[in-house]
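Just below is one structure, and these are the notes that go with it.
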Amino acid sequence: EAQVTQNPRYLITVTGKKLTVTCSQNMNHEYMSWYRQDPGLGLRQIYYSMNVEVTDKGDVPEGYKVSRKEKRNFPLILESPSPNQTSLYFCASSLGTGTDTQYFGPGTRLTVL
Amino acid sequence: QQQVKQSPQSLIVQKGGISIINCAYENTAFDYFPWYQQFPGKGPALLIAIRPDVSEKKEGRFTISFNKSAKQFSLHIMDSQPGDSATYFCAASCMDSNYQLIWGAGTKLIIKP
């Protein structure tokens, strides 16, 4: 089954404790991205990657890191999480940019205390 | 100029009625306008999309109406059903910004039986 998977689905952590949210897709997509979703703000892009070893900042990259060492994986790293990073996070992938459909993962709900 | 403004924030419609969600944009370079549908606990999924060379696109009960001169586009859901209850996001993109999607804030739609 073609899908984007994220882990963990739920995470409660404390300020400053490094964490990684994994994202994997099995559709051989070139393009992957991370979004955060907050009430009233919609989806805001954090980082995106157009191919292996190619990443770029989205609209809200502060406090986040990403890497794209393999085509299928695109982990999101929070080196020192803070409470303002409490949010619902989505990973997405698509064949390319342009008008290609983005396929979203199921989301990771992160709470930083 | 990159914003996409979506309204209303929430909408309650009786079963069988017409649901209408509106989006407005400023950047005249936008040339791709998708709508995504998100059910609770799931990631968004592409519902329907339009290019500005047509004024309307219909897929089943879902129709996008596009008004280029007014820089507005809207989603119409005919014969709305309780299963249509979800959050709907409009978005826009263009080649100038490498087709990175600019998202509306979302509309929570509730269809009352």
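FYI, it's all coordinate maths here, none of it is from the lab. Values in this document were obtained by computation on a predicted structure and should not be read as measured data. Ideal geometry is used to build each Cβ from the backbone, glycine not excepted, and the neighbour counts take in all protein chains shown.
Annotations
- Neighbour-count ranking [beta-carbon atoms within 10 angstrom, fewest first] of A:E1, A:E53: A:E1, A:E53
- Kirkwood Rh, angstrom, chain A [1 / mean 1/r, Cα pairs]: 13.9 Å
- Rounded to 5, percent antiparallel among DSSP beta bridges of chain B: 90 percent
- Modelled FRET efficiency - R0 41 Å, A:N73 with A:D38, Cβ distances, 0.05 increments: 0.95
- Extent along the principal axes, Cα only, for the stretch B:28-113: 42, 26, 19 Å, with the longest axis given first.
- Cα point-scatterer Debye curve for the stretch A:35-78, base-10 log of I(q)/I(0) at q = 0.14, 0.16 Å⁻¹: -0.33, -0.42
- The protein assembly as shown - convex hull of the alpha-carbon atoms, volume per residue in Å³: 122 Å³
- Length gained on full extension, B:S55 to B:K108: 16.6 nm, using 0.36 nm per residue less the C-alpha separation.
- Remark on the protein assembly as shown: B:C94 stand apart, with no other cysteine beta carbon under 4.7 Å.
- Estimated inter-spin distance, B:S69 and A:L88, nm [label 7 Å along Cα→Cβ]: 3.9 nm
- For the stretch A:80-92, Karplus couplings with θ = phi - 60° (6.51, -1.76, 1.60), whole Hz, Gly/Pro x: 9, x, 10, x, 6, 9, 5, 5, 9, 10, 10, 9, 9
- Rg/Rg_ref, the stretch A:66-113, where Rg_ref = 2.2 N^0.38 Å and atoms are Cα: 1.37
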